[in-house]
Every structure is written in structure tokens, then in C-alpha cells.
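**Q** Structure in C-alpha cells, see below.
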Amino acid sequence: MSITGGPLDTGDLIGLAGRGGHRRSGRRIPPGEAVRSTLIALVSTIVVFGVIVAVVTNAPNWPAVQKAFFDGEIFARSWPKIVEAFGTNIALFLIAEVLILIFGLILAILRGLPGPVFFPIRLLATIYVDVFRAVPGLLFIYVFGFAIPGLGIAGIPVDPFPYAVLALTFVYSAYVSEVYRAGIESVHWSQEAAARSLGLSRFQTLRYVIVPQAVRRVIPPLLNDFIGLQKDTVLVSVLGVVEIFREAQILKSAAFNFTPFLDVALVFIIVTIPVARLTDWLVARDRGRHAGGIR
Amino acid sequence: MRSALKSSAVLLVAIVVAACSTAGSSPSASASASAASPSAAASSAAPSATASPTADACAKDTLTLTTAGKLTIGTDNPAYPPYFQIPDGTATAPWELGDPTNGQGFEGAFAYALADRLGFAKADVTWIVVPFDNSFAPGVKKFDIDINQVSFKPERAQAVDMSDGYYTLNQSIVALKANGLAAAKTVADLKAFKFGAQTGTTSYDTITNVIAPTSPGMAYTSNDDAIAGLKAKQIDGLVVDLPTAFFVTAAQVENSVIVGQFAPPAGADAEHFSVVLAKDSPLTDCVNTAIAALKSDGTLDSITKEWLADKASAPVIQP
């Protein structure tokens, strides 16, 4: 549905209801069938969610669970502190994101260098990507945050924040470089051949022909990784930084109540869903601009 | 997919709002309910003022227990000294650093004294690992009582039963001897330094509420991580309870010193450790009666003296 762009219309709903979300163009749906499908979908949805809600709220210990996880008073009281602590996550995310975009692209280009001379560089880049994707990011955050300042080298910062940025950058660059690489490889070889035949150097070809096309194609998976990064900023809490998740843990322990985590969930939903919509919109706009071209 | 997302988002929000709105109306009711319950009303200074339960209600055979005939006690693992100890170096699996089953260490000894008062022989006490969060998570508790250096707070007592206090504690600051913080004498001297403590502890609250330093405090996952932060000079001062401070300076961090302790006036407001029980547990009154008995016959006092260093041996930070 999303690739059609534009505002939501009943056609979308009807198509979704009647056909499990796959709408093929060309066939018109008779009005009667469409209304019937929509009604069935509506009733089915209400029944399914109704049963779930009924089962949960009639569970023997629901009142205790409700109080421990959905306490309105604690939710409201925690909200300002949770939102304030989220500032640290935003700072982490914004700085890391810029570094990741740059470092990931460099890695992808290094991995794609042709010729036997560059074999050691390709090998190193490959090992890097493998290792940083294999090891859980939390471990890098721990090691970077405690070990490097622990070395006691004069002049390096002791504050854990820069090390948290560094660890997130290193881990996510490995993922992002693979996304870039897929984009670069998806650009048809004739593009490079044409650019080189016009007299562009290898670097110019990358800069003006390959990378712009590659990046445009991988915007959705890139944004996907950045939503992951937004959420993984909470891992930095292990370094003692009082960011959103750590603040929630502090509030949780103060009242022996888990509701502050609901505040955290809501903050992330508020931030993440617009990013996802923005991605869809960007892609749709891009498709619109290039419609009628070689695609 | 767009419409599916929209409708599921609307449903999600609706469910959350519904869950919260009903919860929102309940706190007043539950608050008054817990105020009426003996656990929340009890204060640390005096033994529980509520009517002592009859001996029969606390007889071993009439108690509702997790495992019949056994007292199941929970605490976290590692079980830290000086609350739990391994004097001879041999610990029962899975316990680390301290072994609750040997009755050594302040809480180990207190637990067995308490069990004895409740009518349980040493062999009838079963220890299980209960991480801090699990001790207050809703649902059926795996333990009868949880003894894990949990400080009493009225808010916490709304989620679980918390017994009368068995130890009144002071918070304190540990720093490296070479750090400028080591010379601090008053709260005003502390402001410019950076502090850290374990997340969710009253030690962390001390940073925010008592010290209120100019740079925000660090909240570590565990005391061990906070010690790593101290060693890496990410913090100048580690805030821990005084018994832990003695252990940290003696065994965990070389060239460290107790800068001082905070000594608030004794009384009902003084911070104290409580035994954690399931909300409205029938055992709570029995535990309070037993703690009162341990206080009045001097047992608790001698256990405290045996396992915890004298508070007077650490300097007091002046307000």
C-alpha cells in the first residue's frame, strides 16, 4: 500500500480487507464485495482484540499486573523526567548517526575496491564487518566505556559519553556498510562503464554516478538501521549515563513499579513512527520523480 | 500496510489509555488500603504497634509457605559481603562472593536467627536466588521472605509488604585517596565532584537529594560497575551504604578511603533495611513479631556487632 503514496483512501482499506494486503492493479472490485469484505474485517478485528483484552483483564492477577505496569499516576509523574532524560539519547543518536553514515560508506567503498593490490584492505574491511556484526553491541559499549578511560592515558576524556558514541558508531557502521554495499552493487555495471568512457576518474565515477544512485536505493534499509540505532542508545545505560532507560529504572526502583517503562515505550513510539512514515514518503516521492524512466 | 499500521496504532493507544485510566483511579483506594495494613504503618524506630498475632497464627504448621514445612528465603546472587560471607572459601553452588546457606555475614546470620524465631530449624531453611527486580514483580512469589538489603520506602510498601527494620543504615562516600574529594568534610565541599552509585538504590537517591552535585550523578547497573567507574576516574566518589563502604575500601579498591558518612537524625525517618514479602502476606505480622523479639532480647544487636563495623569508626560529613 505504502508505495502508492498519497493520502489513505477507502480503496486502500478495502483492498487490505479483502485481499490480505496485496492489491494488484487492473481489476476493479465490485462495490458489494468491497463493503462485505470491510465489514468482515471490522468484525473479525473487534472479536480478536476483544478476546485478547477479555483474557488479559480477567486473569486472576490482572489487578496486580495493572497496578505494577499501568499505573496512571506514576505514568504522569514519570513523564517529565523520562522526556528530559531522552535528551541524552537524542544527542547520542544524532552524533552517532552522522559518523555512521560517513564511516559506513568508507567501509563499503574499501570493501568494493577492485584489483589484487587492494586485497589486504578488502580483507581488513571484511574482518571488521564480520567481527562487529558478530559481537553483541552491548559488549563493545562496556569495553569501550570502562576499559579505554581506565587506561589512564593523559589527555583522553574520562566521560563515558564519547566512548558510547564511538562504540555505537563502530557497531552500526558494520551494518550500514553492508547496506551501502548492496546499494552500490545494485547499480548496473553499464553506469560505471559509461561514466569511465566519458573520462571520469574512478573516484569521480563513485562520487557523481554510483554512490548517488546507490544511496537513493538504500534509504529505506538505512532508515531501518537508524530506528534500530535510536533504540540501541538505551544500551549506553550500562556505562552509568542516566539516559531514558536508566532514568526509568531509577523511577521503577523508587516505587517498585514498572510503569515508567511504559513512558519510555511511548516516547520511542512517538519518535520512531514519524521516521517510518517519513521514509515511506521519501521513497514514494522518489519513485514518483523517476517514474517513466528506465524503471 | 499503511491502514493496518494506523488501525493497530489506534488500538494500541486505546488499550494503553484504557489500562492506565482504570489504574489511575485505583491508587487512592490502594494507598488507603496499604496504609491500613500493618506493614506500611509500621515504622523502624519502634517494634510494630499492631496487635501481635496469636502464637497459633505463626505456628510453623499453620503458615502458608511456598514449600510446606520449609522457609524459602530469597536474595540476589552474588550475595555481597559483609551481608553474606564465605569465611572458609567454600561456597555452595550457585552462590558467589557470599554464601547465604552458611549463616555467616550480617544478613545470613539475621536470616537464620529470624527463621529460628519463626520455628524453623537450620535444615528447614531453603535459599533461592531472587534478583532485585523479581522481588517486587507482580505475581506469585517464589520466596516466603526476601532478605536483600532492601531499604524501606512508603512507595515500595504499596507494591510489596516490607517488614519492620532490622538495620538502620547510613549512606557514605568512598573515594581514591589521591582524589581531592578525600579531604571533604561538609556537604558543601562535595558539590563540585562527580558521584556515582548503583541504579535504583537509596545510595543514588543520596546523590540527587542530599549531595545535589553540580554535575549529574552516574547510575551504574551494579556496585561492581560503579567501582569500575571509580577506578577509571569517571567518578570521584562512590556512594554506598556504610557497611558496603567498609568492604569496598578493605577488599575491592586499593588506595581508597571512606570520605565520610551521612548521619541523619535517628527516628522514624532513618533509612532501614526491611524484609520483603508478597503484598498482604500472612507471614508479615509473624516476621515483625520475630524481629521485635530479636531486638528485645539483644540477638539482633549482637549479630550487628559481630558482622558490621562500628559506625563510629567512619567520619561524619557535616551538613
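**Q** On the Cα set of chain A, report Rg and Dmax in Å, please.
**A** 24.7, 77
**Q** Using only atoms on other chains, find how many Cβ atoms lie within 10 Å of each Cβ of peptide A:139-148 and report the average.
**A** Mean shielding by partner chains, rounded to a whole number: 2.
**Q** What list of ³J(HN,Hα) values in whole Hz, one per residue of segment A:122-137 in order, does the Karplus curve 6.51 cos²θ - 1.76 cosθ + 1.60 (θ = phi - 60°) give from phi, with Gly and Pro shown as x?
**A** Going residue by residue, I get 4, 4, 4, 4, 5, 4, 4, 4, 4, 5, 6, 8, 6, 8, x, x Hz, with x marking Gly and Pro.
**Q** Also, quick follow-up: For the pair A:THR45/A:ASN224, report the inter-label distance in nm, with labels modelled 7 Å from Cα in the Cβ direction.
**A** If labels sit at A:THR45 and A:ASN224, their model points lie 2.5 nm apart.
**Q** Next up: Among the lysines, which have Cα under 18 Å from the Cα of A:LYS252 when same-chain residues fewer than 8 positions away are ignored?
**A** Correct list for A:LYS252: A:LYS67, A:LYS81, B:LYS153, B:LYS279.
**Q** What's the FRET efficiency of A:ALA76 with B:ASP224 using the Cβ-Cβ distance as r and R₀ = 45 Å, to the nearest 0.05?
**A** Plugging the Cβ-Cβ distance into 1/(1 + (r/R0)^6) gives 0.85.
**Q** Moving to a separate point now. How many percent of all Cα-Cα pairs in segment B:155-249 sit more than 20 Å apart?
**A** 35
**Q** With contacts defined as alpha carbon pairs under 8 Å and 6 or more residues apart, what's the relative contact order of segment B:182-280 in percent?
**A** This gives 27 percent for segment B:182-280.
**Q** Ok, one more. Taking amide H positions as placed in the peptide plane 1.01 Å from N, state which residues far from B:ASP76 in sequence (5 or more) or on other chains have amide H under 5 Å from it.
**A** Under 5 Å from the amide H of B:ASP76: B:VAL130.
**Q** Turning to a different aspect of this structure: Report ³J(HN,Hα) in whole Hz for each residue of segment B:292-306, in order, from the Karplus equation J = 6.51 cos²θ - 1.76 cosθ + 1.60 where θ = phi - 60°; Gly and Pro get x.
**A** Ordered by residue, 3J(HN,Hα) equals 4, 5, 5, 6, 6, 8, x, 4, 4, 4, 6, 5, 4, 5, 5 Hz.
**Q** Now for a different question. I need to check one value: relative contact order of segment A:62-206, counting alpha carbon pairs closer than 8 Å and at least 6 residues apart, in percent.
**A** Once divided by the residue count of segment A:62-206, the mean separation gives 30 percent.
**Q** Contour minus end-to-end for A:ARG202 and A:ILE156, with contour as 0.36 nm per residue of separation and end-to-end as the Cα-Cα distance?
**A** The A:ARG202-A:ILE156 span can extend by a further 12.7 nm.
**Q** What ranking do A:SER44, A:SER237, B:SER281 get, fewest neighbouring Cβ atoms within 10 angstrom at the top?
**A** Listing A:SER44, A:SER237, B:SER281 from fewest to most nearby Cβ atoms yields A:SER44, B:SER281, A:SER237.
**Q** Which Rg and Dmax, in Å, describe the Cα atoms of segment B:185-319?
**A** 17.0, 48
**Q** Which ordering of B:ASP88, B:ASP285, B:ASP205 is given by a fewest-first count of other beta-carbon atoms within 10 Å?
**A** In order of increasing Cβ crowding within 10 Å: B:ASP88, B:ASP205, B:ASP285.
**Q** Sticking with this one: Per residue Cα convex hull volume for segment A:202-248, in cubic angstrom?
**A** Measuring per residue, one finds 95 Å³ for the Cα hull of segment A:202-248.
**Q** Using the beta-carbon distance between A:ALA194 and B:VAL129 and R0 = 56 Å, what value does 1/(1 + (r/R0)^6) give for FRET efficiency, to the nearest 0.05?
**A** For A:ALA194 and B:VAL129, the calculated efficiency is 0.25.
**Q** Roughly what % of Cα-Cα distances in segment B:246-319 sit above 22 Å, to the whole percent?
**A** Across segment B:246-319, Cα pairs with separations above 22 Å total 45 percent.
**Q** Sort A:VAL215, B:VAL287, A:VAL43 so the one with the fewest other Cβ atoms within 10 Å of its own Cβ comes first.
**A** Taking fewest neighbouring Cβ atoms as first place, the list is A:VAL43, A:VAL215, B:VAL287.
**Q** In nanometres, what is the gap between the two model label sites at A:VAL275 and A:ASN58, each 7 Å from Cα along Cα-to-Cβ?
**A** 4.0
**Q** Then there's this: Between A:ASP130 and A:LEU282, what is the spin-label point distance in nm, taking each point 7 Å from the Cα along the Cα→C-beta axis?
**A** 3.2
**Q** So, one more: Report, ordered by chain and residue number, the lysines lying within cross-link reach of B:LYS194, taken as a straight Cα distance under 19 Å and ignoring same-chain residues fewer than 8 apart.
**A** Partners found: B:LYS177, B:LYS185, B:LYS231, B:LYS233.
**Q** Another one. Using the Cα atoms of segment B:116-202 to build a convex hull, what is its mean projected area in square nanometres?
**A** Average projection, Cα convex hull of segment B:116-202: 9.0 nm².
**Q** So, one more: For segment B:82-99, take each phi angle, set θ = phi - 60°, evaluate the Karplus expression 6.51 cos²θ - 1.76 cosθ + 1.60, and give the result in whole Hz per residue in order, putting x for glycine and proline.
**A** Computed from phi, the couplings for segment B:82-99 are x, 6, 9, 9, 10, x, 9, x, 10, 10, 7, 4, x, 6, 10, 6, x, 10 Hz.
**Q** Once you have a ≥ b ≥ c as the square roots of the Cα gyration tensor eigenvalues for segment B:207-264, tell me rounded if a/c is under 1.5, and otherwise prolate or oblate according to whether a/b is larger than b/c.
**A** Oblate is the answer for segment B:207-264, as a/c is 1.5 or above yet b/c matches or exceeds a/b.
**Q** For segment A:120-194, what is the relative contact order in percent, using Cα pairs closer than 8 Å and at least 6 residues apart in sequence?
**A** Value for segment A:120-194: 37 percent.
**Q** By per-residue mean of other Cβ atoms within 10 Å, what is the highest-first order of B:299-307, B:152-160?
**A** Answer by packing, highest mean first, reads B:152-160, B:299-307.
**Q** Which shape class, rounded, prolate or oblate, goes with segment B:173-214 when its Cα gyration tensor gives a ≥ b ≥ c as root eigenvalues, a/c under 1.5 marks rounded, and past that a/b bigger than b/c marks prolate?
**A** Oblate, because a/c is 1.5 or more while a/b does not exceed b/c.
**Q** Using amide H atoms built in the peptide plane, which far-off residues or other-chain residues are under 5 Å from B:ASN148 H to H?
**A** Amide H to amide H, under 5 Å and 5 or more residues apart or across chains, B:ASN148 pairs with B:VAL276.
**Q** Taking 0.36 nm per intervening residue step and subtracting the Cα-Cα distance, what contour gain separates A:ARG122 from A:VAL35 on full extension?
**A** 25.6 nm
**Q** Given that compact globular proteins tend to follow 2.2 N^0.38 Å, what is the ratio of the alpha-carbon Rg of segment A:171-295 to that value?
**A** Scaled against compact globular proteins, the figure is 1.51.
**Q** Separate question: Please find the FRET efficiency linking B:GLN318 to A:ALA265, where r is the Cβ-Cβ separation and R0 is fixed at 25 Å, and quote it to the nearest 0.05.
**A** For R0 = 25 Å, the calculated efficiency reads 0.05.
**Q** Would you please give the residues with an amide H less than 5 Å from that of B:VAL125, counting only those at least 5 places away or on a separate chain, with H modeled from the backbone geometry?
**A** B:LEU71
**Q** Apply the Kirkwood formula to segment A:226-295: the hydrodynamic radius equals the inverse of the mean of 1/r over all pairs of different alpha-carbon atoms; give it in Å with one decimal.
**A** 14.6
Coordinate-derived values only; no laboratory data. Note that this is a predicted model, so its numbers are computed, not measured. In this analysis, Cβ positions are derived from the backbone assuming ideal geometry, glycine residues included, and neighbour counts consider all displayed protein chains.
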